[in-house]
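See structure below.
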Amino acid sequence: MPHPHPTPLQIVYGSGTVLITTLLLLLTTGAGSVPALAGIAALALGLGVTVALVLRARTAPPEPARPAPATAPDDARSLPGPAPRPAERPHARV
């Protein structure tokens, strides 16, 4: 089953979350080392993906209701149905 593509709204919210989180963490922590910057980038990216997925769960259209299966009347269920016919096979030509 193919995965659905993200909606434009999911992309906007996820990207905005990544940018704002990155800027806020860089300004508040004052990180200057490479591992700290990598950690901030990974945290911001993870948070952005989480926001996009949560948005998908909230805005996903509900699955259409499946129609109820057709049932026969109670008296018809007690009667045996027609016997299944064996499958006909074509005769092999030699």
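Determine, yes or no, whether Gly39 is at pLDDT 90 or above and loosely packed, with under 15 Cβ neighbours inside 10 Å.
Yes.
Among (1) open to solvent by less than 90 Å² (accessible area, probe 1.4 Å); (2) at pLDDT below 70; (3) assigned to a helix (DSSP H, G or I), where does Arg56 come up short?
(2)
Residues of region 16-36 being within 24 Å of Ala52 (Cα to Cα), open to solvent by less than 70 Å² (accessible area, probe 1.4 Å) and either free of Cβ contacts under 8 Å to residues at least 24 places away in the same chain or among the small types (Gly, Ala, Ser) (or both), which ones?
Gly16, Thr22, Leu25, Leu26
The values are calculated or read from the model by the stated rules, or taken from the named source; none is laboratory data. Please read these numbers as outputs of a predicted model, since none were measured by experiment. Because the Cβ atoms are built from the backbone with ideal geometry, glycine has one as well, and the counts that use them run over all protein chains shown. Calculation scope for accessible area: heavy atoms of the full protein, side chains included, ligands and nucleic acids excluded. Shrake-Rupley method; radii C 1.70, N 1.55, O 1.52, S 1.80 Å.
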